[in-house]
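Visitor: Pasting in a structure now, in structure tokens, and then I'll have a few things to ask.
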Amino acid sequence: MAVITTDLAIIGAGAAGLSAAAAAAAQGLQVLVIERMGAGGQVMNVENIANFPGHPEGISGFELGPLLQEQAEEAGAQFLLDTVQAVQANGDGLRLQCEGEMVQARALIVAVGSARRMLGEPGEEQLEGRGVSHCASCDGPLFRKLPVCVVGGGDSAFGEAAVLATHASQVTIVFRGAQPHAQPGLLAAVATLPNVTLVPDADVVAVEGGENVSALRTRAADGTERSIACEGVFVYAGLRADAGFLADLVERDGDGRIRTDDQYRSSVPGVFAAGDIRAGAAYLLAAAADEGVAAARAAVHYLNEKRQA
């Protein structure tokens, strides 16, 4: 198998990865971005992003992803649609084993972000794509004038519930605890929607249905159970680290996120991390983009020092 060589490999084409690619390529590095989903990563599923610099009126993830990719390509970055399976220190750099290609890089930025956390309850996996979804902007129109449930009490859940409310007849938001933890602005916006109902102190115990979703079964704090009739269940139960391909290459925290110093350097020389995959990340899109640029600068400095050594 032929090996692709590059100065800097970047795993992940979300806001952090694409911002890093544009910054590093603009400094003259040969940059290869490896992404398994397409430009934008999970941001492509967001209906409206209100906190990204340069877009005070808001922008959809579907627009932002290609825009960031275009900026990276104009700077000279190259792209590879593939899945990284393993990374190993290799001589003077890193060897990346992908499903289809082998890549040798002098430095690496890991910017894979996070993956959606599953509920792990009966019916969820079996009904995925048959009523169970993680993307309101993608699948919301399929539930026009139909009842749906949203699971989660954070920003994603409430933001996507507002999107679903423009399509569905009724949106029921189910979450643990007495109060949701979404940002006040999102809570206020959802509170004005007449077809949105909140169900606090509820644990999901099953997604019910045959060929398609028919109900969401929940358990209240007192142990009583109920089935909420719905034809769609949108799950926003948090995020998990998505860097299993690194194995034990770098130090990670208890959640699997990469530990870095204030220069975004991992425990392995030449390996950097930016965005949600980094321990201590702010989990904000604008912050991820800023971290990508900072990690790119650190990688440029590292490679320049190696050349001079």
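The values are calculated or read from the model by the stated rules, or taken from the named source; none is laboratory data. Everything numeric here is computed off the predicted structure, so don't read it as measured data. All Cβ positions, even for glycine, are placed from backbone atoms using ideal geometry, and neighbour counts span all protein chains on display. Quick note on the areas: whole protein, heavy atoms, side chains included, nothing else; ligands and nucleic acids left out. Shrake-Rupley method; radii C 1.70, N 1.55, O 1.52, S 1.80 Å.
Visitor: What number comes out for accessible area per residue over the chain if the probe is 1.4 Å? Units Å², please.
Guide: Numbers: 14290 Å² over 309 residues.
Computed with neighbouring chains in place, this is 46 Å² per residue.
Visitor: Moving on. Which one of Gly100, Gly113, Gly14 has the biggest mean-square fluctuation once the chain is modelled by GNM with Cα springs under 10 Å?
Guide: Highest fluctuation of the listed residues: Gly100.
Visitor: At a threshold of 8 angstrom on Cα-Cα distance, excluding pairs fewer than six apart, so keeping six or more, what relative contact order does the range 203-309 reach in percent?
Guide: Contact order relative to length: 14 percent.
Visitor: Considering the dipole of the chain built from charges on the beta carbon (Lys and Arg +1, Asp and Glu -1) around the Cα centre, which of Met37, Phe143, Gly154 is farthest to its positive end?
Guide: Going by the charge dipole, the pick is Gly154.
Visitor: Here's something else I'd like to know. For the chain, modelled as a Gaussian network with Cα springs under 10 Å, which listed residue fluctuates most, Ala89, Ala111, Ala295?
Guide: Greatest mean-square fluctuation among the candidates belongs to Ala89.
Visitor: Rounded to a whole number, what % of the accessible area of the chain do carbon and sulfur atoms account for, probe 1.4 Å?
Guide: Accessible surface attributable to carbon and sulfur in the chain totals 49 percent.
Visitor: GNM on the chain, C-alpha springs below 10 Å: top fluctuator among Asp248, Asp139, Asp276?
Guide: Its mean-square fluctuation being the largest, the pick is Asp248.
Visitor: Quick check: net charge around Gly280, other residues with Cβ under 9 Å of its Cβ, Lys/Arg +1 and Asp/Glu -1?
Guide: That sum, taken over residues with Cβ under 9 Å, equals +2.
Visitor: Moving on to the next point. As I understand it, the value is the acute angle between the Cα axis of helix 285-308 and the longest principal axis of the Cα atoms of the chain; what does it come to in degrees, rounded to 10?
Guide: Rounded to the nearest ten degrees, it is 20.
Visitor: Could you work out the relative contact order of the chain? I mean the mean sequence separation of Cα pairs under 8 Å and 6+ apart, divided by the number of residues, in percent.
Guide: 21 percent
Visitor: When DSSP assigns beta bridges and you keep just the ones with both residues in the chain, what percent turn out antiparallel, to the nearest 5?
Guide: 45 percent
Visitor: Find the relative contact order for the range 161-239 and round it to a whole percent, using C-alpha pairs within less than 8 Å whose residues are 6+ positions apart.
Guide: Relative contact order, the range 161-239: 23 percent.
Visitor: Report the equivalent ellipsoid semi-axes for the chain in whole Å, largest first, defined as the square roots of five times the eigenvalues of the gyration tensor built from alpha carbon atoms. Don't skip to the end; give the middle numbers.
Guide: Working: eigenvalues 305, 77, 59 Å².
The three semi-axes for the chain are 39, 20, 17 Å.
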